[in-house]
Every structure is written in structure tokens, then in C-alpha cells.
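A.B. asks: There's a structure below that I have some questions on.
What follows is calculated from the coordinates using simple rules that are stated; it is not laboratory data. Keep in mind that what you see is a predicted model, and the values were worked out from it rather than measured. With ideal geometry, Cβ positions are generated from the backbone for all residues, glycine too; neighbour counts draw on all protein chains shown.
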Amino acid sequence: MAQLHSVADHAQVLDTMIGLTRLSALQRAIIAGNGGMELYLGLRRRGFMRVATISTSWLPRKQHTVALLADRSSTSIERALNEISPFLCANATVAVLIDSHDNGSSIDVRTKLQRMGFRIEAGVRCQQGFVLCAHRQGFGQIENAA
């Protein structure tokens, strides 16, 4: 993720992610990626108290319904997706901020999300990049069958 240059850019990305994931103050959210701390602090300032980062969360208990990812490169995003996967419940929603200068990364991220059982629902272009939103339903049934 390109570093968020201004408060307005940060607010735009955060508003977009909150809107796409339909995040409420009652839901648990996990934040990952190099730009994750900015997202974490922004959410806390807005009153979202049930947010955590991978480094602050104790055990991966599959209890988080929303994940927000912000990173610079597609390989880092894929690594972050693998790291947060144990924290996400069966019906989770993920919003990923993809750098607008990295053309191939959105295809890589889409492929990775689909392999993890997510269905792409929406994508919105922001000044800092592209926010991709994906949702998975009944992933626990797929895991149990495997």
C-alpha cells in the first residue's frame, strides 16, 4: 500500500473499507499488512473497539468476521492473507487495499482470495489505490467436508 499521505486520503480509504465490509462496532475485525497500524488507529478513533492486529491478537480462534488488509506488494498481501486466515470465521468479509501502481497484484490477490473460498463482491478505486471486497459463506462446511 502506498503510505497514506494525508488525513483525507486515510479517511477515504477507511470509509471505503467500512462501507464495503459493512463493519459495525459490535463485530470483531482483524487488521494486517504494512499499512495496518494506520487502519487500526483510525478505526479505534472512530469507536471500533473490537479490532485487533495479528501481533495484538492472542490466539487464532476463528472469531473475527471482518479483515482489513493494507500493503504495498501482492506477495505481502498474499502472506498477510495466509496469516489472518486462522483468525477468520466461516462467514468472513475481507477488504484489501491494493496499490494503484502495481497492475498485476489485483489479479494475484483475486486468485488468492478465490482459492481461500472468498467470492469477490465489489471493488472501489480510491486515491491511494483499489479496495477489493470479498466474502465467504459456509467455509466451515467446506473445511469439514475436506
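A.B. asks: Restricting the first residue to the stretch 42-61 and requiring it to be crowded, with 17+ Cβ neighbours inside 10 Å, which pairs with a second residue that is in a loop (DSSP other than H, G, I, E, B) and not charged (D, E, K, R) meet a Cβ separation below 6 Å and a spacing of at least six or different chains?
C.D. replies: Between residues of the stretch 42-61 that are crowded, with 17+ Cβ neighbours inside 10 Å and residues that are in a loop (DSSP other than H, G, I, E, B) and not charged (D, E, K, R), the close pairs are Phe48/Ala25.
A.B. asks: Hey, does the stretch 10-27 have a residue that's of a type in the set (Gly, Ala, Ser), loosely packed, with under 15 Cβ neighbours inside 10 Å and touching a Phe, Trp or Tyr at 6+ places or on another chain (Cβ under 9 Å)?
C.D. replies: Yes, because at least one residue in the stretch 10-27 is of a type in the set (Gly, Ala, Ser), loosely packed, with under 15 Cβ neighbours inside 10 Å and touching a Phe, Trp or Tyr at 6+ places or on another chain (Cβ under 9 Å).
A.B. asks: Here are some conditions: (1) outside any loop (DSSP other than H, G, I, E, B); (2) under 17 Å from Leu132 (Cα atoms); (3) in contact with a strand residue (DSSP E or B) (Cβ under 6 Å, 6 or more places away or on another chain). Leu23 meets all but one. Which one does it not meet?
C.D. replies: All conditions pass for Leu23, except number (1).
One line per residue, one yes/no per condition, for (1) of a type outside the set (Lys, Arg); (2) within 20 Å of Leu132 (Cβ to Cβ); (3) not in a helix (DSSP H, G or I):
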| site | (1), (2), (3) |
| --- | --- |
| Ile30 | yes, yes, yes |
| Gly42 | yes, yes, no |
| Met49 | yes, no, yes |
| Leu68 | yes, yes, yes |
